[in-house]
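J.: My structure is below; once you've seen it, I'll send some questions.
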């Protein structure tokens, strides 16, 4: 019985060693590197208030900014229909964290366009709901279906802390 138990242990040890050695094979991933995209400093999740001349219209709408992966100083903005139905590409200047666009197709509202002016991100210039220091975002928007009505979007970056969520 001891000989059988010893042989089973040797076989299991051999299988374990083969699995360990073969699992370390990179299989072509040796040359994989991550690439930092130009707008990385401007990417994130934001809580944005939307107002116009009459006052506050939408409070704490969740927006996301993310790189287009085109490598040409563009990023997307998307509110996932949580704010003013806004999604499209923006031109960014990463040296001073500004962004804008004119007559961009609104991907959440086909047939309409939007213009964004005075877009800027200020590092560590805002406080979250829980009082944590975070980035600030500000821009003015105008939509083709309501020309002349300038909306003001202002808010702060989502920190990821539960106390800061809306």
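J.: Looking at the structure I just gave you, is residue 46 at pLDDT 90 or above, under 14 Å from residue 158 (Cα atoms), in contact with a strand residue (DSSP E or B) (Cβ under 8 Å, 6 or more places away or on another chain) and buried (at least 18 other Cβ atoms within 10 Å of the Cβ)?
T.: Judged against the criteria, residue 46 is a match.
J.: Further question: Filter the stretch 54-94 down to the residues that are without any contact (Cβ under 8 Å) to a residue 12 or more places away in the chain and closer than 20 Å to residue 142 by Cβ and list them by number.
T.: Answer for the stretch 54-94, where residues must be without any contact (Cβ under 8 Å) to a residue 12 or more places away in the chain and closer than 20 Å to residue 142 by Cβ: 54, 55, 56.
J.: Can you confirm whether the stretch 159-166 contains a residue that is at pLDDT 95 or above and in a strand (DSSP E or B)?
T.: No, the stretch 159-166 contains no residue that is at pLDDT 95 or above and in a strand (DSSP E or B).
J.: Does the stretch 101-122 contain at least one residue that is touching a helix residue (DSSP H, G or I) at 6+ places or on another chain (Cβ under 9 Å) and without any contact (Cβ under 8 Å) to a residue 60 or more places away in the chain?
T.: Scanning the stretch 101-122, I find no residue that is touching a helix residue (DSSP H, G or I) at 6+ places or on another chain (Cβ under 9 Å) and without any contact (Cβ under 8 Å) to a residue 60 or more places away in the chain, so the answer is no.
J.: For the stretch 113-157, which positions are over 23 Å from residue 59 (Cβ atoms) and not in a strand (DSSP E or B)?
T.: 144, 147, 148
J.: For the stretch 84-112, name all the residues that are more than 17 Å from the chain's Cα centre (by Cα), surrounded by 18 or more Cβ atoms within 10 Å (Cβ to Cβ) and in a strand (DSSP E or B).
T.: 101, 104
J.: Pairs please, first residue from the stretch 124-142 and without any contact (Cβ under 8 Å) to a residue 24 or more places away in the chain, second anywhere and buried (at least 17 other Cβ atoms within 10 Å of the Cβ) and part of a strand (DSSP E or B), Cβ atoms under 6 Å, 6+ apart in sequence or on different chains.
T.: Within 6 Å, the pairs are 125/136; 136/126; 136/156.
The values are calculated or read from the model by the stated rules, or taken from the named source; none is laboratory data. Model, not experiment: these values are computed from the prediction. Please note: Cβ atoms are built from the backbone with ideal geometry, for glycine as well, and neighbour counts cover all protein chains shown.
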